[in-house]
Amino acid sequence: MSMNFITKLPIPQETKEKYPVTPAAMKAKEDRDGQIAEIFTGKDSRMVLIIGPCSADNEESVIDYANRLAGVQEKVKDKLLLIPRVYTNKPRTTGDGYKGMLHQPNPEDKPDLYKGVLAIRELHTRVLTETGLSTADEMLYPTNYRYLSDLLSYVAVGARSVENQEHRLVSSGIEVPVGMKNPTGGDLSVMINSITAAQHSHSFIYRGWEVRTTGNSMAHAILRGYVNKHGQSLPNYHYEDLEMLYSMYSAAGLENMALIVDTNHANSGKKYLEQSRICKEVLHSCRHNDDIRRMVKGFMIESYIEDGQQKIGQGIYGKSITDPCLGWEKSERLIYEIADTL
């Protein structure tokens, strides 16, 4: 019944000095940030794919995956902008289980958050430097965003965090798109309220400072499905769901209307092979409704080198130790199919 203070963590500036971003990598990120902003504001008709492992659990396999993605990016650059999903913070429904590289740089060792802070900084820096692709991560702890603020081109707020005041306020001060997932219970008004808060300016306490934000016009919706009162997973990516979201966006009078569809989680019932079909159904809806097409900016896809998932300690290279993912061959094929459709 107590809280034991174990290790004083480094401040963000110290980690940035330890793992600095090269001028070339900074320029690559600036260029990509500009392109991503034009997609989310409707100036560029391409879509984004936030694609990668459910959890970035192994540095070398994540780097391998990102390099593969970089090779595909060049081939689809006229239709798609690929953002590697390098999720180093893993929310857990019950609080148990692997919580991501931030907590455990080695999933088989005990938690070490000091090493974790350095490990996630190193990983995101390596992806950007070695592939030229800037990354996405989930903002599980808002105070930790500053460790990666110069590296991330996309931030997600999870279904369990979207009602949290601090997540909303910090999102209003982030300069890249922040996706707000619908809560696990499926109430879209909660998500709309979160987007509204993030698009407005606020004053609040952050990392021991009084800060004031200008608002993030690129805060937007992520539909990820939901769980009903019986514990059943239900989707919210169908045509009628997209129409409803567009109506809710319009009624809220928000500055920017944008949507990313999460193809896994409750939308697929964690049946990872369904992700390809879900993408194609949403693209079909886009072809039949111009409002939906303007609103849908892309997809979030859980993908790794090997299909499926494994238990911690099995040691299969490039296979998820959390939610099951689409393997590389199927993922590459899906990327090309989406590009061919646009």
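The values are calculated or read from the model by the stated rules, or taken from the named source; none is laboratory data. Keep in mind that this is a model prediction, so the values were computed, not measured. Virtual Cβ from ideal backbone geometry, glycine too; neighbours counted across all protein chains shown.
Residues that are under 29 Å from M101 (Cα atoms): which helices (runs of 4 or more DSSP H) entirely in segment 268-342 hold 3 or more of them?
Fully inside segment 268-342 and qualifying: 274-288, 328-341.
For segment 258-279, enumerate the residues that are in contact with a strand residue (DSSP E or B) (Cβ under 6 Å, 6 or more places away or on another chain), surrounded by fewer than 24 Cβ atoms within 10 Å (Cβ to Cβ) and closer than 11 Å to I301 by Cβ.
Passing the criteria: only C279.
Of the conditions (1) at positive phi; (2) under 21 Å from the mean Cα position of the chain (by Cα); (3) among the small types (G, A, S), A221 fails just one. Which one is it?
Exception for A221: condition (1).
How do the pairs read when you match residues in segment 186-208 that are on the phi < 0 side of the Ramachandran plot with residues anywhere that are of a type in the set (K, R) and surrounded by 14 or more Cβ atoms within 10 Å (Cβ to Cβ), using Cβ under 6 Å and keeping only pairs 6 or more apart or on different chains?
S194/R168; A197/R168; A198/R168
Taking segment 41-68 only, how many residues are part of a helix (DSSP H, G or I) and either small (G, A, S) or surrounded by fewer than 24 Cβ atoms within 10 Å (Cβ to Cβ) (or both)?
8
Of all the residues that make up segment 209-232, how many are assigned to a strand (DSSP E or B), touching a residue at least 12 places away in the same chain (Cβ under 8 Å) and farther than 25 Å from D33 by Cα?
Adding up the residues that qualify gives 2.
Among the listed residues T7, T15, identify the single one that is touching a residue at least 60 places away in the same chain (Cβ under 8 Å), in contact with a Leu (Cβ under 8 Å, 6 or more places away or on another chain) and not in a helix (DSSP H, G or I).
Exactly one residue qualifies, and that residue is T7.
Determine if segment 299-306 includes at least one residue that is of a type outside the set (S, T, N, Q), modelled with pLDDT of 95 or more and over 18 Å from the mean Cα position of the chain (by Cα).
yes
Restricting attention to segment 73-111, and to residues there that are closer than 24 Å to T263 by Cβ and hydrophobic (A, V, I, L, M, F, W, C), which single residue is surrounded by the fewest Cβ atoms within 10 Å (Cβ to Cβ)?
V76
What number of residues in segment 235-256 are touching a strand residue (DSSP E or B) at 6+ places or on another chain (Cβ under 8 Å), under 17 Å from R224 (Cα atoms) and outside any helix (DSSP H, G or I)?
2
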